[in-house]
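The values are calculated or read from the model by the stated rules, or taken from the named source; none is laboratory data. The model shown is predicted, which means the values in this text are computed figures rather than measured ones. Every residue, glycine among them, receives a Cβ derived from its backbone with ideal geometry; neighbour counts consider all protein chains shown. Side chains included, ligands, DNA and RNA excluded: accessible areas come from the protein's heavy atoms. Shrake-Rupley method; radii C 1.70, N 1.55, O 1.52, S 1.80 Å.
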Amino acid sequence: MDYSLFIPISSTVFTLLIALYVLFVNHEKKSHIFFSLLVLFFAVFSLTELLVRISPNVSTALLWSRLCYSVIAIAPVVLINFLFLYPQNILDEKNFGLKNSDFLKFLYPTGVFLYVLFNLFVSPQNVVESQWGYRVVLGGVTSPILISWFLFCIIFATANFIKSYYLGDKILKKSEKKQMRLLTFGIIVVVTLTTGTNLIPPLFGLNVFPMASLSLLLFSAIVGYAMMKYGFMELSPTETADIIVDTMSDSLIVTNEDKKIVNANRSALTLLGYTNKELRGKDIDKILSLSSRRNEKTKREKTRFLADLLSNKKLEGIDAKLLTKDGKQIPANISATAIYDNDEFRGILITARDLTEIKRLVDELKEAKENLEEKVEERTKNLIKTNRELIETKEELMDLNENLEEKVEKRTEQVRKLLKQKEEFINQLGHDLKTPLTPLNTLLPMIKENVDDEKTEERLEVAIGCVNYMRDLVSKTLYLAKLNSSEIKFDTDEVNLQSISKSVVSKHQINFEEKNLEFKNEINKDLFVEGDELRLEELFDNLISNAAKYTPGGGKIILHAEEQKEEIKIAVQDDGLGMTEEEATRIFDEFYKADASRHDVNSTGLGLTISKRIVEEHGGKIWAESNGRGEGSTFYFTLKKAEKDKE
Amino acid sequence: MTKKIMVVDDNLETIYTLKEGLEDLNENYSVYTAKSGEQCLELLKEEKPDLILLDIMMPGISGWETYDKIKENSRWQNIPVVFLTARSDNIAKNAGRYLGHDYIEKPFDIEDLNKRISKIIG
């Protein structure tokens, strides 16, 4: 008894058992038939190996071998045919654009071809004899084994391809993926083992131990385990449809003709918070209310909804509310289809889309809009308020302004009156002072003429000097007052500087001669200024007489004019007493005299003040410069050039 | 030939000064005086002078009014009048009405006044 025969015998038996197990253990599923058949073929191969080994001669071995290959040739035809015919329901006649009959046309010739092909290898050269009996080999490997693996790989790959092609990898459950991995692993292990045991011993001149069927057993065991552990690769149409329905994001609810819920998809259950069991048998109205707050209308709409549904068979895009298990209302957009079976109303298929998120967004938008409107309104109110306040303020200001104007006018009037009174007072005072001066002025010289006594004459001389001084003082004060008053008017004209200076100088000629002063008039004859001739004469008179007054005998006075951009600068220069810087600034003040030494000179101290007024009244400037006491001084003033001179 | 000059002024010192001064300067001048406008008009009725020196600011009727009254009367209207005033502003104010009329501003220089008078009445 050759114990090594146990291997093919047990392989055959166990493989057969696995095939039967796979076939019967879960007969509800149909895909297992496929695998069952596959394993059954493995059993046949094991049996073939056994029969070949125990053949008495080569021809018997060849006979068994041919028998086996016939089965192998049929195997792909049967399996592929089964594979394609069976899932046809899911594939919906889409079989890669091929019809069932095309498959048959294609498959049976393939079967015949394979049969011929395989039998080509079954020749006496391929039969190897060893101490364990005969063995049919192909490329050194026991051929039925090789071919069965080849077969298995093709079919397995095809099945996987079809499944993933139609359902997508994502649809494969985790367990299915594991199953795939397990089977792939099994194939790799077994193929390696088989080829290894067949190819390696001959390299060392050893006979190959006939244990190929063991690998078939091994793989069958893996297949059986995979099927048991992870179930069968499921290709059932109902289950596929379930996957589709369950994975859709919309809720799907099916009722019977009494509007009682019979089924719902996973989305619906999740959304409503019920289990399938709880939901089944519930009235659809309990979980679905058509969108309206008033019950009456809801009722009417409900009736209409059903009527519409029955007449049109389909309604789409209706707003509704779904009532969840915990009493929440979920806004939804629903579509309903009436299910008919041979024109008999069987129920309603309702799909609902959750609008919570959309509603929330819409509400948010609404709120935002309302807020915005509120804000706009508030702003508008504020603006109006502010505007009103502004108007009030403006009115107040205008009132105030009017009052102010009135007040200013009043005050101005008062000031004007006061000024007038002042002027009047000064004029009256002047009059009152001048009147007694007249007799003094006239009578004292008359007396002096008739006096022989030298002493008396001398005393009268002093008195007359005082009277003259007083007369000057009074008239100049009055004149200054007049210049400051609003009444005085200047008659502006073109004035020739040379001629005016000449006429003034001629008045002082006697003075110059008396004091032996050198006078030089350097003013050109073509210089014209704008001004009042009489006032300008006074101005020149004041400055020249001042110069003459404060220049000691033998001194020098120079009159000079310099043309500038729009003005003419006139200088009256002397080499007289001079003054300090501080004095130069104060010299134009009323009644100012630089120092006590000037009191002995008969002067009112008003001449320069009057000069300043005149220059300012003409829009010019007047100032004095001196290098200090005893260094002489220069008085400058500016006057506007006459227009004529410009042209 | 004696020239009669009437001086009208409310200030006695002024009247005295003018009389003394003018008569001293010119022997031909006979100066007589009135202390007011009213008195001036009274005196005119009795005697017609060759020249009137008329003060403007006087109590009672003013120099201006007196002047108008003189000029209203056909007998007197060709008597030359020289105003005397301490307030040149008065002249300026009434310049429109009395423009061209001679005036002497106080305090006057007696010789200057004498020259002016002799120009008018020779």
Item checked: At most 14 other Cβ within 10 Å, DSSP loop - trypsin sites (Lys or Arg not before Pro), the stretch A:494-540 -> A:Lys525
Next item on the list: Calculate one ³J(HN,Hα) per residue across the stretch A:178-191 by plugging θ = phi - 60° into the Karplus curve 6.51 cos²θ - 1.76 cosθ + 1.60, and present them in order as whole Hz with x for glycine and proline.
Entry: 4, 4, 4, 5, 4, 5, 4, 4, x, 4, 4, 4, 5, 5
Check: Among A:325-331, A:637-643, what's the highest-first ranking by average C-beta atoms within 10 angstrom per residue?
Finding: A:637-643, A:325-331
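Using a 10 Å cut-off on Cβ to Cβ distances, tally the other chain neighbours for every residue of A:532-545 and report the average as a whole number.
So the per-residue partner count for this stretch is 0.
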Check: Say the cut-off is 32 Å between C-alpha atoms; which of A:Lys489/B:Lys48; A:Lys448/B:Lys4; A:Lys410/A:Lys640; B:Lys3/B:Lys71 go over it?
Finding: A:Lys489/B:Lys48; A:Lys410/A:Lys640
Notebook entry, point to check: What residues have an amide H closer than 5 Å to that of A:Asn627, excluding those fewer than 5 places away on the same chain, when H is modeled at 1.01 Å from N in the peptide plane?
Noted result: A:Met579
Next item on the list: Per residue of the stretch B:70-85, in order, report the coupling 6.51 cos²θ - 1.76 cosθ + 1.60 (Karplus, θ = phi - 60°) as ³J(HN,Hα) in whole Hz, putting x for Gly and Pro.
Entry: 4, 6, 5, 7, 5, 6, 9, 5, 9, 6, x, 10, 10, 6, 10, 8
Item checked: A:Arg66-A:Arg360 pseudo-label distance in nm [points 7 Å out on the Cα-to-Cβ vector] -> 7.7 nm
Notebook entry, point to check: Under a Cβ-Cβ cut-off of 14 Å, what is the net charge of the residues other than A:Ile72 that fall near it, where Lys and Arg count +1 and Asp and Glu count -1?
Noted result: 0
Next item on the list: For the stretch A:57-74 and the stretch A:452-509, write down the distance between their C-alpha centroids in whole Å.
Entry: 166 Å
Item checked: Added length on full extension, which subtracts the Cα-Cα distance from 0.36 nm per residue, A:Asn401 to A:Thr580 -> 59.5 nm
Next item on the list: Find the all-direction average of the projected area of the Cα convex hull for the stretch A:348-498, expressing the result in square nanometres with one decimal place.
Entry: 25.6 nm²
Margin query: Give me, ordered by chain and number, the residues 5 or more places off B:Tyr103 or on other chains with an amide H under 5 Å from its own placed amide H.
Written below: B:Phe83
Margin query: Counting only other chains, and only Cβ atoms inside 10 Å, what mean value do you get across the residues of A:427-438?
Written below: 6
Check: For chain B, what is the calculated [θ] at 222 nm in deg cm²/dmol (nearest 500), taking -39500 (n - 2.57) for each run of four or more DSSP H residues and dividing by its residue count?
Finding: -13000 deg cm²/dmol
Check: What are the residues whose amide H is under 5 Å from the amide H of A:Ser55, where those residues sit 5 or more places off or on another chain and H is modelled from the backbone?
Finding: A:Tyr134
Notebook entry, point to check: Using a basic spin-label model with each label point 7 Å from the Cα along Cα→Cβ, how many nm lie between A:Ser4 and A:Ser249?
Noted result: 6.6 nm
Item checked: Along each principal axis, Cα extent of the stretch B:1-48, largest first, Å -> 28, 25, 7
Next item on the list: Any chance you could list P(r) for the stretch A:331-403, counting all Cα-Cα pairs in 10 angstrom bins from zero, rounded to whole %?
Entry: 16, 17, 15, 13, 11, 9, 8, 5, 4, 2, 0
Next item on the list: Estimate for me the total accessible surface buried between chains B and A (protein heavy atoms, probe 1.4 Å, no ligands or nucleic acids), in Å² to the nearest 100.
Entry: 1600 Å²
Note to self: Taking each residue in B:105-114, count the Cβ atoms of any other chain within 10 Å of its Cβ, then average. What number comes out?
What the structure shows: 5
Check: If we count every other residue with Cβ under 13 angstrom of A:Gly327's Cβ, Lys/Arg +1 and Asp/Glu -1, where does the sum land?
Finding: +3
Item checked: Accessible area per residue, Å², the stretch A:495-539 with all protein chains present, probe 1.4 Å -> 55 Å²
Check: In nm, what is the difference between 0.36 nm times the number of residues separating A:Lys410 and A:Lys515 and their Cα-Cα distance?
Finding: 32.2 nm
Notebook entry, point to check: What are the aspartates and glutamates whose alpha-carbon lies under 17 Å from the alpha-carbon of A:Lys385, with same-chain residues fewer than 8 places away excluded?
Noted result: A:Glu374, A:Glu377, A:Glu395, A:Glu396
Notebook entry, point to check: By how many nm would the segment from A:Ile339 to A:Lys422 grow when fully extended, if each residue of separation counts as 0.36 nm and the alpha-carbon distance is taken off?
Noted result: 18.0 nm
Checklist line | HN-Hα J in Hz across the stretch A:503-516 - Karplus 6.51, -1.76, 1.60, θ = phi - 60°, x for Gly and Pro | finding: 5, 5, 4, 4, 5, 8, 3, 4, 4, 4, 5, 4, 8, 6
Item checked: Residue with peak Gaussian network fluctuation, chain B [Cα springs, cutoff 10 Å], from B:Ile56, B:Ile110, B:Ile15 -> B:Ile110
Notebook entry, point to check: Name the GluC sites (Glu not before Pro) in the stretch B:22-63 that are in a loop by DSSP and that have at most 14 other C-beta atoms within 10 Å, would you?
Noted result: B:Glu27, B:Glu47
Margin query: Tell me whether chain B comes out rounded, prolate or oblate; compute the Cα gyration tensor, take square roots of the eigenvalues as a ≥ b ≥ c, and use a/c under 1.5 as the rounded threshold.
Written below: rounded
